[in-house]
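Structure, as structure tokens:
The values are calculated or read from the model by the stated rules, or taken from the named source; none is laboratory data. Only a predicted model underlies this, so the values are computations on that prediction, with no experimental measurement involved. Backbone-built Cβ (ideal geometry, glycine too); neighbour counts: all protein chains shown.
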Amino acid sequence: MRTPSLLGVALLWLFAMPAATDDDHQHPSNSCDGQYKDWTQIGQVCAKYFNTPSSFADAESACRQAASGGHLVSVHDEQTNAAVLAIVLKYNPSSPRTWMGGERVGQSSTFTWTDGSSWDFEKWVPGQPSNSGNHENCVEMNWKNLGQWNDDWCIKQKPFICAFQWQHQRLD
């Protein structure tokens, strides 16, 4: 039996997720409410793609300004990775290299998320992270393989995905 590709999983997630109506609170909404309705809900976070090429630091700053508690997106499991990939492919399928919120701690092999959450999942392109030239300290998605990660120079200009913890209370 063939296992589905990450791209297939991402596209299924994006297009098969049922949208909630005012009368139906049993299914999660594909978008966040109120002023964040143009953001996509992924589990407990709201995420948004910004097609404004920026350095890693400028992207993180833009995320902090875009929403209270906002940071570059952190990824903690395969499902979230697929959802982030689906968002990128929806808005920029021809040039999907995108900053995520991972960054190297000093010159070590340890990475952290800008939102302070634990580094408990990774999806590196084979052979990565390489820290080529001792300058690749920030994490991008989709460098060589869709849905996989690479370390790159933080000063490079790339689109990015922001996210923040969604604390919407449902009235069931």
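Okay, residues lined up against (1) among the hydrophobic types (A, V, I, L, M, F, W, C); (2) buried (at least 16 other Cβ atoms within 10 Å of the Cβ):
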site	(1), (2)
63	yes, yes
73	yes, yes
85	yes, yes
93	no, no
107	no, no
118	no, no
158	no, yes
162	yes, yes
167	no, no
- Item | Scan of region 34-76 for residues that are part of a loop (DSSP other than H, G, I, E, B) and within 16 Å of residue 140 (Cα to Cα), ordered by number | 55, 73, 74, 75, 76
- Query: Do the conditions hold for residue 125, that is, is it in contact (Cβ under 8 Å) with a residue 40 or more places away in the chain and among the β-branched types (Val, Ile, Thr)?
  - Reply: no
- Task: Starting from region 58-79, keep only residues that are over 14 Å from residue 160 (Cα atoms), then list their pairs with residues that are of a type in the set (S, T, N, Q) and at pLDDT below 95 whose Cβ atoms are within a distance under 6 Å, requiring at least 6 positions of separation or different chains.
- Result: 69/165
- Query: Do we find that residue 99 is modelled with pLDDT of 95 or more and surrounded by 20 or more Cβ atoms within 10 Å (Cβ to Cβ) in this structure?
  - Reply: yes
